[in-house]
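A quick write-up on the structure given underneath.
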Amino acid sequence: MTVSALLVSLAVTGTSWAAGAPEPPTRNYYVYVAAESDDEVALVRFGPGGAEVMKTVTVGSFPTEIEGPHGINIDPDGRHWYVSMAHGFPYGSVHRYETGTDEWVGDVTLGLFPATLDISSTTGLLYVVNFNLHGPLEPSGISVVETETMSEVARVDTGIRPHGGRLSRDGELFYSVNMMDFELIELDALGFEIARRLTLGEGVMPTWVTAPTADRKVYVTGSNVAKVFEVDLDAWEITRTFETGAGPYNLDVTPDGRFLVATYKSDDAVGFWDLSTGLEVARAETSRTIPHGVVVTSDGQYAFVTLEGVGADPGTVEVYAVHSGERVGAVDIGKQAGGIAFWKFEDTD
C-alpha cells in the first residue's frame with residue numbers, strides 16, 4: 001500500500017494513528033503459549049515493564065517423549081486452560097489445567113493429531129479438531145468433549161485434514177476448515193452434524209477460520225494462495241478476497257470487528273487489515289522466522305504473535321500495538337512456539 005492510500009484509509013475510518021512509538025501499556029496482559037518441541041506451556045505477561053515469562057509448565061504424560069502441545073485455549077469463565085497434545089501414542093489427547101495455579105485437572109484421549117480447540121460459553125462443551133497429519137490422506141473429524149469429566153461424547157467426520165476451528169458466540173455452531181478438501185464447514189454444535197459446506201476454490205488449502213463477527217462474517221486463510229477470504233454466513237458465500245503476504249496461517253479479529261491481524265508464515269511478517277476498507281494498513285517483519293499463532297487482547301489494543309523459529313532457536317512471543325502495527329514487546333520461550341490464548345488483563349493503577 002502507498003502512503004497516500006494509507007492516509008485515505010485512515011481518514012475514512014477515523015482511526016488515529018499517532019506518529020512515533022505507542023505509549024506504554026497501563027495494564028498487565030496475560031497469555032498462555034504452547035512450545036511444541038519442548039512440551040511446555042508458558043504464562044507470559046506484557047505490561048509497563050515489557051514482556052516476560054511468569055511461569056513455565058511442563059505438559060504431557062510421557063516425560064521421555066516429545067508429545068507436541070499444539071492448540072491451547074481458555075474457557076469463557078477464565079478458570080481453566082486446555083492444551084492439545086498433538087503427537088500421542090498412538091493418539092493425541094487434551095489436558096485440562098486450572099488457570100493461576102496451573103494444576104493439572106484431567107485429560108482425554110482423542111484422535112490423530114488433535115490441534116485447534118474451542119469451548120462453548122453456553123454448554124461448556126469442548127470442540128477439538130483432529131488434524132490427522134499421519135499417513136495417507138483420509139477423512140478425520142471433530143471431537144466433542146464434556147469438560148467436567150473430560151469424556152469424549154461425540155466425534156463427527158468432517159473431511160480430510162481439518163484444521164482451525166472456532167465457535168459462534170451463542171455456542172450453537174462450530175466453524176472449521178478442511179485443508180485437503182479445500183472447504184469451510186459449519187457444524188451444528190448441538191446436533192453433532194455438518195450443517196453446510198462451502199468450497200473456497202479448487203486447490204485452496206485453508207488453515208484457519210476466525211470466530212464469527214457481530215455482523216456474521218468469518219475470515220478464512222487460503223494459505224497456499226496468499227489470500228484471506230471473507231465469508232458472509234447469512235449468504236453463505238465469499239464476499240471479499242484479500243491479497244496477503246505469503247502463507248497466511250492464523251488470524252484474529254479485534255472485538256469491535258474493525259481490524260484483522262494475520263500471521264504470514266512464509267513471509268516472516270504480520271499483517272494488519274482495516275476491515276471497513278479491505279486495506280492492509282500495516283505490515284511488520286517478525287524478529288524470528290515462522291510466525292504461527294496470533295491472539296488479540298479483549299480490549300482490542302494488542303496482538304500477541306508466536307514465532308516458531310528453526311533448529312535450536314527458542315520460540316518467541318511478540319506483542320504488537322494493533323492500531324499502529326508496531327512491535328512493542330517480545331520474549332523468548334521454549335522451542336517451536338505455536339498455539340496461544342489470551343487469559344486476562346489487570347489495570348496497574
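A few points about this structure:
- Here each label is just a point 7 Å from Cα along the line to Cβ, and for S298 and E138 those points are 4.2 nm apart.
- Extension gain for E65 to T199 (0.36 nm times residue separation, less C-alpha to C-alpha distance): 44.4 nm.
- Charge dipole (Cα centre; +1 on Lys/Arg Cβ, -1 on Asp/Glu Cβ; no other charges) of the chain amounts to roughly 520 debye.
- Taking a straight Cα-Cα cut-off under 16 Å and skipping sequence neighbours fewer than 8 places away in the same chain, the lysines within cross-link reach of K55 are K335, K344.
- For semi-axes √(5λ) of the Cα gyration tensor in Å, calculated from these coordinates, the label among (1) 29, 25, 19; (2) 32, 28, 17; (3) 30, 27, 22: (1)
- Whole-Hz couplings from phi, Karplus 6.51/-1.76/1.60, listed for region 48-60; x for Gly and Pro: x, x, x, 9, 8, 8, 7, 7, 10, 10, 6, 10, x
- Against the empirical 2.2 N^0.38 Å (N residues), region 234-349 has a Cα radius of gyration ratio of 1.07.
- Computed FRET value (nearest 0.05) for E98 with S287, which takes r as the C-beta separation and R₀ as 35 Å: 0.60
- Here's the list of aspartates and glutamates a cross-link from K265 could span, going by alpha-carbon distance under 13 Å and ignoring same-chain residues fewer than 8 apart: E285, E308.
- Between the alpha-carbon centres of region 178-238 and region 30-61 there is a gap of 30 Å.
We did not get these values from a lab; they are worked out from the coordinates using the rules stated. It should be emphasised that the depicted structure is a prediction, and the values quoted were computed from it without experimental measurement. Positions of Cβ are backbone-derived with ideal geometry, glycine not excepted, and every protein chain shown enters the neighbour counts.
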